[in-house]
Amino acid sequence: MKRIHLNRIILLAVGAVAIATAFTACKDDHFDIPEGGEGTGSVATETLWELIESNESLSNFARIAAQTPAFKDEKHPIEGYTFKDVLSDNQVLTVFAPDNEAFTAADVQEMERLLQESPYDVFLRLAGNHITTSRYVASGLNPKGEAERIIFLNNKKGYFDREKKTIKEIHLKTANLHATNGVLHIISQQVPFNYNLYEYIRATKEFKHLNEWISQHDTLYFNSNLSAIAGTDNETGEPIYVDSVYTRFNSLYYYSYQPNSVEWSMPHKGIAANIEQEDSIWAMIVPTDAAWEEAVETMRPWYEYAETYFDMSQEDNALINNTVANRKTLQVKNPDYAGIIEVMRDSAISMDIVSSLVFNARQQRYDRTQTEFLTVESFLEHNFNRLFNTRLDTFYMHNPEEDVRNFLCEGKEPVRVSNGLAYPVDHWNFRKTDKASWVEIEATPATIYQRVRYNLTEAEQKDKEHYTYNGDWIQWTIDNSSELTEKYGKVYKGTFLDFSIATGVPKATFKLRGNEADQQVMSGIEYEIGLVMVPDFYRTLMDPEENPEAIKKNRIIVSITYLSDNKKEKTMTAKYFDYAGEKVDTVWINETLTFPYSYRNLNKAYPVLQVTSANITNALIRQGFQNRFYIDQIFLRPKQAAASDE
């Protein structure tokens, strides 16, 4: 008989390597075969398969097991090798075999049908859910005084109580039938089985789009450290493996990952959750194909890419005032791959759909005083006005009495899976509840665009047109718990930038890229532009109630430079606005802007926003104006979001 050892696929978990015991054994292994036990009375002489096949009460289990392939992984069955062979081999296993009472005729017919369409599902439910490695004997005392946790071949977990003679609280009808390669227990019902999230998505036809995106991030590779070596090749000196262990890795389970892509792409977003991990309690919104297609249709206008962008990362050539002929560009179009722009767009949309879906149910908070981690039951029991996903994006409802799940999950009851809850949805509701399409920029030295150029020629040094920033800047820190900030408003993270110049007017140019990695300007969205201005007395720390002259006004001009629809740079300059200087305040300029091309996931291309003080005449000075100004944050807010916030 062909001797093949079954290998368990090993999944690399996020942040650590979770390694399940691999099936490896070789001819020199020795195992003690216990004598006695229920149903025996002598040293075992038969294999597990011979015990099962000869027992008429196990005919249904034997019938299905003999047709169920053993798998290297879910997509690769071992040719010509079924669980009849597995249970006849010399690997030590424990089988909890359900007798014929556990199957209806319809059950057997359904499994035989699935063997033709999806044999891996039959493995998961039957052989994989009733067989484990090593020998578990139902006699004596439990180790450490409690039931042992065992791992079945399908990586599901259960508790075996040798004193009570139970597996997952199912009583062993007949225990301890010893075989040469393990031990057989007979039970009168099937061990309960639930898909985990990954398996549920893979097994459900309505989730084809989601399954394709997750599956394409699976990578299977040979693990030499865990594979059994029989010897060394005399010619090459390479080891000869007799038991090959494969490790499956899914890059989507990380927070972010670097794809094999061209230089302008950014790391892709993952879901930051291992949805195969059985010890977790995830709550996952699972879009049907109809919901996925609705999301794509909604989001497609936001991901229109140009073939060429100006390289804003090159200080030598990224001057806004420089001629286009002297500036380097980024070529999105790839002559070797005519559809690269479409692939980039479709990948970006898929990434943004999937990255929002998973929530750690244990860590959600229904009350500020809550201290305990949640269970599945307590997660279902309580009302949640807001939820944060595994990427720490927060989704909330304005009405504090409303449960956000009723909106995101359409009020549907979840499907219980082995590692949490799945909420299938038929519509795409995420963009209606969060600020995912906002661009929020903190005013810091890092967000100033081209604040220094060291390679200017002497002529350029005299020609101020070659500078995108004129003047001096200082970063100030203020205590957000002070009496001043309590009265006149807090600033983001307690810092803000101060812009001034000795002669002329100060101006500052900022990169329009948000604080978070995925906050980038997108196409097809009508943005409102807002500046969070800080009063002058936050620098002097003079309370205007005591010193009214501490209030200084500003007259500000805002302009944005971006790639226009004719693929040339264009600058939109808004009409000036006045800032009263009486408190920390967000001032929205009186014009909106829709970008024709998306900057999503582009590392070196982005629009820039320039803030300039208007020329302050003597008449304006007498009215309390000055050209020195202070900025805390910059917002680009979709107009439709603004309407819903009001």
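The values are calculated or read from the model by the stated rules, or taken from the named source; none is laboratory data. All of these numbers come straight from a predicted model, not from anything done at the bench. All Cβ positions, even for glycine, are placed from backbone atoms using ideal geometry, and neighbour counts span all protein chains on display. In case anyone asks, the SASA skips ligands and DNA or RNA and just uses the protein heavy atoms, side chains included. Shrake-Rupley method; radii C 1.70, N 1.55, O 1.52, S 1.80 Å.
Overview of results
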| quantity | calculated |
| --- | --- |
| Residue within the range 356-367 that is modelled with pLDDT under 90 and part of a helix (DSSP H, G or I) present | no |
| Filter result (assigned to a strand (DSSP E or B), over 16 Å from Pro607 (Cβ atoms) and either out of contact with any strand residue (DSSP E or B) (no Cβ under 6 Å at 6 or more places or on another chain) or among the small types (Gly, Ala, Ser) (or both)) within the range 488-516 | Ser500 |
| Residues located in the range 119-135, provided they are open to solvent by 40 Å² or more (accessible area, probe 1.4 Å) and not polar (S, T, N, Q) | Tyr120, Arg125, Arg135 |
| Checking Ile150 against (1) out of contact with any helix residue (DSSP H, G or I) (no Cβ under 9 Å at 6 or more places or on another chain); (2) at pLDDT 95 or above; (3) open to solvent by less than 30 Å² (accessible area, probe 1.4 Å), the condition it does not meet | (2) |
| Flag if Ala97 is farther than 26 Å from Phe222 by Cβ and open to solvent by less than 30 Å² (accessible area, probe 1.4 Å) | yes |
| Some residue of the range 557-564 being part of a strand (DSSP E or B), exposed (fewer than 14 other Cβ atoms within 10 Å of the Cβ) and in contact (Cβ under 8 Å) with a residue 40 or more places away in the chain | no |
| Hits in the range 67-94 - residues which are open to solvent by 50 Å² or more (accessible area, probe 1.4 Å) and at pLDDT 95 or above | Gln67, Lys84 |
| Thr612 vs. criteria of a type in the set (S, T, N, Q) and out of contact with any helix residue (DSSP H, G or I) (no Cβ under 9 Å at 6 or more places or on another chain) | yes |
| Out of Tyr527, Tyr538, sole residue that is assigned to a helix (DSSP H, G or I), out of contact with any Gly (no Cβ under 7 Å at 6 or more places or on another chain) and surrounded by 17 or more Cβ atoms within 10 Å (Cβ to Cβ) | Tyr538 |
| Residues of the range 494-508 classified as farther than 12 Å from Val534 by Cα and either β-branched (Val, Ile, Thr) or modelled with pLDDT of 95 or more (or both), total | 3 |
| Those strands (runs of 3 or more DSSP E) lying entirely in the range 570-646 with at least 3 residues under 18 Å from Met522 (Cβ atoms) | 585-594, 629-638 |
| Test result for Ile52, modelled with pLDDT of 95 or more, within 39 Å of the chain's Cα centre (by Cα), in a helix (DSSP H, G or I) and farther than 23 Å from Thr247 by Cα | no |
| Options Gly128, Gly80; residue that is on the phi > 0 side of the Ramachandran plot and either in contact (Cβ under 8 Å) with a residue 24 or more places away in the chain or outside any strand (DSSP E or B) (or both) | Gly80 |
| Search result, residues across the range 380-392 that are over 15 Å from Tyr366 (Cα atoms) and open to solvent by 50 Å² or more (accessible area, probe 1.4 Å) | Leu392 |
| Wholly enclosed strands (runs of 3 or more DSSP E) of the range 156-212 bearing at least 2 residues surrounded by 22 or more Cβ atoms within 10 Å (Cβ to Cβ) | 174-179, 182-187 |
| Pair list, Cβ under 9 Å, 6 or more apart: the range 491-503 residue open to solvent by 20 Å² or more (accessible area, probe 1.4 Å), other residue part of a strand (DSSP E or B) and basic (Lys, Arg) | Ile501/Lys507 |
| Some residue of the range 332-353 being crowded, with 16+ Cβ neighbours inside 10 Å, assigned to a strand (DSSP E or B), at pLDDT below 90 and touching an Asp or Glu at 6+ places or on another chain (Cβ under 7 Å) | no |
| Criterion (among the hydrophobic types (A, V, I, L, M, F, W, C) and under 27 Å from Arg300 (Cβ atoms)) met by exactly one of Leu374, Leu392, Leu380 | Leu392 |
| Every residue from the range 360-379 that is open to solvent by less than 50 Å² (accessible area, probe 1.4 Å) and touching a Phe, Trp or Tyr at 6+ places or on another chain (Cβ under 7 Å) | Asn360, Ala361, Gln364 |
